[in-house]
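Notes follow the structure.
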Amino acid sequence: MKLIRENWRILRSIALSQLRAKYTGTALGAAWGVLNPIAVTLAIIFAFSVVLKINMERFPLFVLAGFFPWNFFSSSVSEASRSFLERKDILRQLDFPRAVVPLAYALAGFADYLRGWIFILPLFAVFNPKVLFFLPWLPVILLLNLFFVCGLCLLVSVMNVYYRDTSHLLNLGLIFWLWTTPIFYTADMIPGRFYWIITFNPLAQFLEAYRAVLFSARAPSAGVLYACSAWACFSAVAGMTVFRGMEEDILKRL
């Protein structure tokens, strides 16, 4: 928090620059941040509901409650992995903590994510008004989610400077991670011998917390909140530890 407070100006400048670059020249602008996950959700609904004939009540909302947070996570981490390569000019011109760059990318993704909730939340409230009573839990989940993403952004950004294959491996890993996360299916559909994948999948815990509020209109369980908090702390500490260990030679390797 001290790092962000002391370098807020440069962090804000990079984040705003990233947001502008993302939507410059597009007719719909920031609306693409909402349209993309909705379009993918509709395609998945067709595949699972029409073709595979999965019968689940309010299945579109179930998928959207999982895929929208996933889209924030995957896009933020993927973009942050290239952050130092894209911002090497400003790193050479100005003297500031290197961690600001990937954190700015994470915050840019988070700002985009928050803007998307303006359009997404009414969908859940219309189909289940009880959701409104449990919305105070949403900022808690969002904050934990942000800390988790920030830690990974720090990790992959510095790794990609040292090992340029990181961003390519990350894209492959995200595909595997997507389909091993219960976004398009429920956790109880996973065969018992593979259930350990869910246990050690941090995104599964975060999606369970989101769905508790948005889909089931209830407070997240204490166990889920504990798991999300643990993963957020672990990611933030691990990301910062690895980053500090490798930060010294960043400029030499760009």
Original post:
Which of these, 241, 199, 180, has the largest mean-square fluctuation under a Gaussian network model of the chain (Cα springs below 10 Å)?
Top reply: 199
**OP:** Just grab the label-to-label distance for residue 216 and residue 189, each label 7 Å out from Cα along the Cβ direction, in nm (one decimal).
**Re:** 1.7
Subject >> Inter-label distance for residue 180 and residue 20, nm, one decimal - labels placed 7 Å from Cα along Cα-to-Cβ >> reply: 4.1
Original post:
What number, rounded to the nearest 500 deg cm²/dmol, is the helix-based mean residue ellipticity at 222 nm of the chain, given -39500 (n - 2.57) per DSSP H run of at least four residues and division by all its residues?
Top reply: -23000 deg cm²/dmol
**OP:** Kindly rank 218-228, 109-119, 203-213, 187-197 from highest to lowest mean number of other beta carbons found within 10 Å of each residue.
**Re:** 203-213, 109-119, 218-228, 187-197
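Quick note: the coordinates plus some simple rules give every number you see, no bench work behind them. Since the model is a prediction, treat every value here as computed from it, not as a measurement. FYI the Cβ positions are ideal-geometry reconstructions off the backbone, even for glycines, and counts take in every protein chain you see.
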